[in-house]
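The structure under discussion appears below in the form of structure tokens.
The values are calculated or read from the model by the stated rules, or taken from the named source; none is laboratory data. Worth saying up front: this structure is predicted, and the values here are computed from it rather than measured. Methodologically, a virtual Cβ is constructed for each residue, glycine included, from the backbone with ideal geometry; neighbour enumeration extends over all protein chains shown. Keep in mind that these areas ignore ligands, DNA and RNA; they rest on the heavy atoms of the full protein, side chains included. Shrake-Rupley method; radii C 1.70, N 1.55, O 1.52, S 1.80 Å.
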Amino acid sequence: MARMVSASRLPAPKRGTQSVDRALALLRLVAARHADGLPLCQLVQASGLERTTVYRLVSSLVLAGLLQREPGAAAYRLGNEAMALGLAALQRPPLIEQCRPVMKALARRAGEPVFLVARSGDYSHCLHLEEGPHPVCSFAKTVGSLRLLGLGVPSFTLLARMEDAAIAAHYARHAGEYQEHRLTRPKLQRWIAQTRAQGYAQITAQGLSGVGLRFALGSCGDAALGFVAPTARIPRSRGPALAALLRQELARL
């Protein structure tokens, strides 16, 4: 679901930093709607700022490469410089540093491997793995990889958060790959309904089971943590306890 960042929820700017704070607020607003783009009129409405102020700040962000406006289009999107900054952060992702203590605690308390993934468009990016006392050799190979949303337990919580229309369009774009994994649209919808009802994902497929939980990444991103292990170690009866453990540790972030 697309999320708008309300200017009323932003902290009051410090003296002497008003323009910087306002520009960053506009940048976050556009980032939350990057795929569709955000017209100037909606930026004005969402920010509560004067139109001339918004236009001046957005123009500066465009010159800096942080925003772009396609020729003939009325909407603003993130620019190449914003993308470059994000890619630079992946050389040493701050999210890993933030989550590592929590993941170590989860792996120790549950005795199972824990994955950290972040959404990247139609895919989830596996950022880190804490193996715990029972490592699975093949799991380490997934770190750093991109997988289609829904083809990994933690990433499934990211897919379930999307609106139904967006999920339908997503499945249509990648129907071939889903079908290669024997994941039909009805099965996907059943898992999504179950995830939404429970508040966490619990899926068993191809000899593996897992429990995943989504959390917010900054103002406009999504990430998830999840346990994955051979099915014998994570039966369905264990799901609620593992989900509660994830919630407890995520509360520390």
Acute angle (nearest 10 degrees) that the helix 239-250 long axis makes with the longest principal axis of the chain, alpha-carbon atoms: 40 degrees
Long-range amide H partners of residue 208 with built H, under 5 Å: 231
Most mobile listed residue (180, 131, 112) in the chain, GNM with C-alpha springs under 10 Å: 180
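For the stretch 128-253, what does the alpha-carbon gyration tensor say about shape, rounded, prolate or oblate, given a ≥ b ≥ c as the root eigenvalues, a/c under 1.5 as rounded, and a/b over b/c as prolate? Spell out each step's value before the answer.
On the way: a/c = 1.45, a/b = 1.24, b/c = 1.17.
Note, shape of the stretch 128-253 comes out rounded.
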Alpha carbon convex hull of the stretch 28-74, volume per residue in cubic angstrom: 75 Å³
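Give me the percent of accessible area attributable to carbon and sulfur for the stretch 60-194, probe 1.4 angstrom. Mind dumping the intermediate values first?
Numbers: 3880 of 7070 Å².
Summing carbon and sulfur atoms, their accessible area is 55 percent of the total for the stretch 60-194.
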Dipole of the chain, positive end: most advanced residue of 94, 162, 253 [Cβ charges, Cα centre]: 253
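Going by accessible area, probe 1.4 Å, with all protein chains left in place, what is the ranking of 123, 200, largest first?
Working: 123 75, 200 20 Å².
Listed by decreasing accessible area, they come as 123, 200.
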For the chain, built as a Gaussian network whose Cα springs stay under 10 Å, the top-fluctuating residue of 155, 59, 120: 59
Degrees between helix 51-63 axis and first principal axis of the chain (Cα, 0 to 90, nearest 10): 70 degrees
Around residue 183: net Lys/Arg minus Asp/Glu count, Cβ-Cβ under 15 Å: +3
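How much length is gained if the chain between residue 131 and residue 252 is pulled fully straight, taking 0.36 nm per residue apart and subtracting their Cα-Cα distance, in nm to one decimal? Working shown, then result.
Values: separation 121, 0.36 × 121 = 43.56 nm, distance 2.04 nm.
The span from residue 131 to residue 252 would gain 41.5 nm if fully extended.
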In sequence order, calculated HN-Hα J values of the stretch 70-81 (Karplus, 6.51, -1.76, 1.60; Hz; x Gly/Pro): 5, x, x, 9, 9, 9, 9, 9, 5, x, 4, 5
